[in-house]
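Only one structure is covered here, and it is reproduced in the block below.
The values are calculated or read from the model by the stated rules, or taken from the named source; none is laboratory data. All of these numbers come straight from a predicted model, not from anything done at the bench. Neighbour counts are summed over all protein chains in view; Cβ atoms, including those assigned to glycine, are modelled from backbone coordinates with ideal geometry. Just so you know, the surface numbers come from the protein's heavy atoms only, side chains and all, with ligands and any DNA or RNA stripped out. Shrake-Rupley method; radii C 1.70, N 1.55, O 1.52, S 1.80 Å.
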There are 4 protein chains.
Amino acid sequence: MYKTKPASECHMHHSGKSLNVLVLNCSLKHEPELSNTGELAQLVLDNMKEIDTDVSTEIVRMSDLNIPVGLDFKENDADQWPEVVKKIKAADIILFATPIWWGERSSLMQRVIERMDALDEEYIANGRSALYNKVAGVIITGSEDGALNVMGSIMMVLTWLGFTLPPECAAYWVGEVGIGGDTEKRRMNKSTMHMAKNLARNTLYYSHLLKQHPLEMK
Amino acid sequence: MYKTKPASECHMHHSGKSLNVLVLNCSLKHEPELSNTGELAQLVLDNMKEIDTDVSTEIVRMSDLNIPVGLDFKENDADQWPEVVKKIKAADIILFATPIWWGERSSLMQRVIERMDALDEEYIANGRSALYNKVAGVIITGSEDGALNVMGSIMMVLTWLGFTLPPECAAYWVGEVGIGGDTEKRRMNKSTMHMAKNLARNTLYYSHLLKQHPLEMK
Amino acid sequence: MYKTKPASECHMHHSGKSLNVLVLNCSLKHEPELSNTGELAQLVLDNMKEIDTDVSTEIVRMSDLNIPVGLDFKENDADQWPEVVKKIKAADIILFATPIWWGERSSLMQRVIERMDALDEEYIANGRSALYNKVAGVIITGSEDGALNVMGSIMMVLTWLGFTLPPECAAYWVGEVGIGGDTEKRRMNKSTMHMAKNLARNTLYYSHLLKQHPLEMK
Amino acid sequence: MYKTKPASECHMHHSGKSLNVLVLNCSLKHEPELSNTGELAQLVLDNMKEIDTDVSTEIVRMSDLNIPVGLDFKENDADQWPEVVKKIKAADIILFATPIWWGERSSLMQRVIERMDALDEEYIANGRSALYNKVAGVIITGSEDGALNVMGSIMMVLTWLGFTLPPECAAYWVGEVGIGGDTEKRRMNKSTMHMAKNLARNTLYYSHLLKQHPLEMK
């Protein structure tokens, strides 16, 4: 289904504004260990910079932050979630990046989603999502299987949170069953490269569009 | 999570064009039997007409068409899928409406997705999806449980097919476990009404926006 | 996660009874076209016959039957579902075999599940599932991704219908993203072969066990 | 689909052995706050004790343990995962209990599954799962929607880990969309009570059966 499609170009409607792109990398591995998910995220960011040199980017490695279990905005004094929320609110495009473990998003990605519940409560209280007019994308790597399920289940959360999802809003890599994870294979995979390119192009396009024409509430 | 949120209004950027809205109702029931899914779809259409009187709408009841199993554009002489494709290509907004059966989309919705594979092949061949700049929404009803999973798994397909997914791109109803399906309860549910209203507003907004500023390929 | 595990043997407790094994092959392709799903099912059956020469087996190709949409036991005179139910009731082990299309079970597998709803209604009415003491397995093939999600979502249905699910109750094949379906690769995949062997062994073991020690209701 | 079914009794084949039952409660809340998931787990245990007075039970509240992210058997000196593994290996029946957050299992349940990967590696290395002949069940509560998806995705993991899944291997509660979580409603729900009873009966039955007739590897 996701065979390599020919690359193509679009007429970018640049809003004239500099866009902030934030990647939440939910790899289970700590710095400086190689994160396949982080590397694929970097490829998407590189593609973005080729299209729009004005974009500013940041990758946050969630495994190296202290994000305790809970549903409050701040669970305790050491809780670093409020710092992440600050970055989320300042970003125009957010890429949710996760490895697959046993067919689902990582415990760190699930933690991020649980902690975002407080943002949703804010929306319920005042009818205005802090995340409207932000564009989201999804980045997934796994040794084998699970990308499409993980992707759909994250998209479902993102739309309720108020994000806009452009066409082809994801990039992923998974290997053949039982043969599995191989960084080299992932790096060479033309479909994954193609998805990374389209994800970069489309999130930028929709973000510039929404900068100029935001969905506004009275 | 999906508690009732206060209703709100947006400044509609009307493109000056009349929009076509198509609902693919994948209920297992035949006309004239009441389809809960169809009724919820109608509520979304009614909300659309309140916002934009110029919109033209159609609900197709898939159970009453002959859509054989297969992957070709036309499987046999009696195959009515090509008629559906014609309607899909003419629509600006498409609402994918399905009941839940045992936690998943109906066999008719799955059939629609399988048959759309030919449209995807077309895209792979020429690098230009026939569905770019179309906006999609999802409508789901079930006696209990499964809406979020069905919703995510359909959104995943839609993004790869080239659709744009606005914020809050779905409306659904499910009941309490073991108590289940009740048309009256569904009709009275304020969350479902709220979702129907937001789905109408947001799909219209993004469709008008893309009419004026389409994602174009060179 | 599902790397090749060393093969191993178990002491089979043979019940002294000849077991009936039924495969419901929900491939979208018609006879005589090669079904990858059907071929993997045959491999499982071959493994069974090596362990227990007394087993009798049948593969039903659902795409070649007339199974209309609906929820009744018999939808119309041409409806062949009652014939399938007869085979299901006569079987000791049932293998649910499906390809993956866009991350989910095929429309034919979903149709089978929808039509089994009538069996569930029977259970609700008399408190005794017709499917207790039957053992189930799952067989899945896809060009890439989706097997684990399809597998879990089918297992969920099977447990509610009354089936017993032994350890390692599935066998599947999926390929690398964008490289995808390849009959030769599937045939050569050692993990898939290993899963087929364990699935054969474990379904037989549990079926013989339940023949001797059925879960009985007063 | 999961309407209330009439209660029924089975002839218990008691193995003469005392069974250990372990609940892993993956609620996000800490003691002594009420966990709806924990309360439903307790109902299942109470049902077990009525059938088999000899059973010994324990509920572990995962939120109050230190289980760091990672894939090793022991991540650091403060890591309490090895204590949990000890309990898992000593148990005959394990109930995986989780709330639903945004349609999926909690981050703590996902963490448990990630950390069990080391047990799976052990199996890959020696061909003998430490979890064969153990029986599993699933317990789920949520304010609305997601139970069936969470259930299936956990069952998929459990079968690969080597667990046996009896018929009706789960008990859950979810409420109507937008109306949601209500402890009193959950406590009064007859379907949930019925599932709790069947889960207790069937896990006990299969555990006694496997005590007497274990799946053995040469």
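Chain B versus the axis that turns it onto chain D: the residue with the nearest Cβ and the distance in whole Å amount to B:N149, 2. With all protein chains kept in place, the per residue accessible area of the range B:116-196 amounts to 22 square angstrom at a probe of 1.4 angstrom.
Counting only protein heavy atoms and using a 1.4 Å probe, what share of the accessible area of the range A:94-218 belongs to carbon plus sulfur, as a whole percent?
On the way: 1350 of 2540 Å².
The computed percentage sits at 53.
Taking other residues whose beta carbon is less than 13 angstrom from the beta carbon of D:T183, and scoring Lys, Arg as +1 and Asp, Glu as -1, yields 0. In the range D:62-153, Rg over Rh equals 0.98, where Rg is the alpha-carbon radius of gyration and Rh the Kirkwood radius from pairwise Cα distances. Amide H contacts for D:E216 (H built 1.01 Å from N in the peptide plane; partners 5 or more residues away or on another chain; cut-off under 5 Å): C:H11. Under 5 Å from the amide H of A:T141 lie the amide H atoms of A:T98, A:I100, A:W173, each residue being 5 or more positions distant or on a separate chain, with H modelled from the backbone and absent for Pro and chain starts.
Summing charges over all other residues whose Cβ lies under 14 Å from the Cβ of A:F163, with Lys and Arg as +1 and Asp and Glu as -1, gives -1.
Each copy carries a label point for D:S18 at 7 Å from Cα toward Cβ; from one copy, the others' points are 4.7, 7.0, 8.0 nm away, ordered from shortest.
Strictly over 31 Å apart at the Cα level, which of D:K74/D:K185; D:K29/D:K185; D:K87/D:K185; C:K49/D:K211; C:K134/C:K185 would you flag in this model? Show your work: numbers first, answer last.
Values: D:K74/D:K185 41 Å; D:K29/D:K185 20 Å; D:K87/D:K185 33 Å; C:K49/D:K211 27 Å; C:K134/C:K185 33 Å.
Checking Cα-Cα distances, D:K74/D:K185; D:K87/D:K185; C:K134/C:K185 exceed 31 Å.
Working note: Karplus 6.51/-1.76/1.60 with θ = phi - 60° gives the range B:61-71 the couplings 8, 4, 4, 9, 9, 9, 10, x, 5, x, 10 Hz, where Gly and Pro are set to x.
Taking amide hydrogens as placed 1.01 Å from N in the peptide plane, the amide H of B:G70 sits under 5 Å from that of no residue at least 5 positions away in sequence or on another chain.
Over all directions, the projected convex hull of the C-alpha atoms in the range A:153-212 averages 5.1 nm² in area. Legend: Rg and Dmax of the range C:19-86, from Cα coordinates, 14.0, 41 Å. The solvent-accessible area of A:H14, taken with every protein chain present and a 1.4 Å probe, is close to 80 Å².
Quick check on chain D: take the gyration tensor over C-alpha atoms, sort the square-rooted eigenvalues as a ≥ b ≥ c, and tell me if it's rounded (a/c under 1.5), prolate or oblate. Before the final figure, lay out the partial values.
Values: a/c = 1.71, a/b = 1.11, b/c = 1.55.
The shape class here is oblate.
The spacing between the range C:122-176 and the range D:158-218, judged by their C-alpha centroids, is 16 Å. Taking Lys and Arg as +1 and Asp and Glu as -1, the other residues whose beta-carbon sits under 13 Å from that of B:Q80 total +1. Most simply put, the range C:1-137 has about 10% antiparallel DSSP beta bridges, counting only bridges with both residues inside it.
Please list A:T98, D:T183 in order of solvent-accessible area, largest first, computed with a 1.4 Å probe with all protein chains present. Show your work: numbers first, answer last.
Values: A:T98 0, D:T183 35 Å².
Listed by decreasing accessible area, they come as D:T183, A:T98.
Starting from the coordinates of the alpha-carbon atoms of the protein assembly as shown, obtain the Kirkwood hydrodynamic radius over all distinct pairs and give the value in Å to one decimal.
For the protein assembly as shown, the Kirkwood estimate is 27.2 Å.
Sorted from closest to farthest, the other copies place their D:E121 label points 3.8, 4.4, 5.2 nm away, with each point set 7 Å from Cα along Cα→Cβ.
Over all directions, what mean area does the Cα convex hull of the range C:114-218 project, stated in square nanometres? Could you put the intermediate results ahead of the total?
On the way: hull surface 30.8 nm².
Mean shadow area of the hull around the Cα atoms is 7.7 nm².
Taking only alpha carbon atoms, the range D:51-114 gives an Rg to Rh ratio of 1.00, where Rh is the Kirkwood radius. Across identical copies of the chain, D:L71 has label-point separations of 3.2, 3.3, 4.5 nm, listed in ascending order, with the point defined 7 angstrom from Cα along Cα→Cβ.
When A:M188, C:M193 are compared by accessible area at a 1.4 angstrom probe, the order from most to least is A:M188, C:M193.
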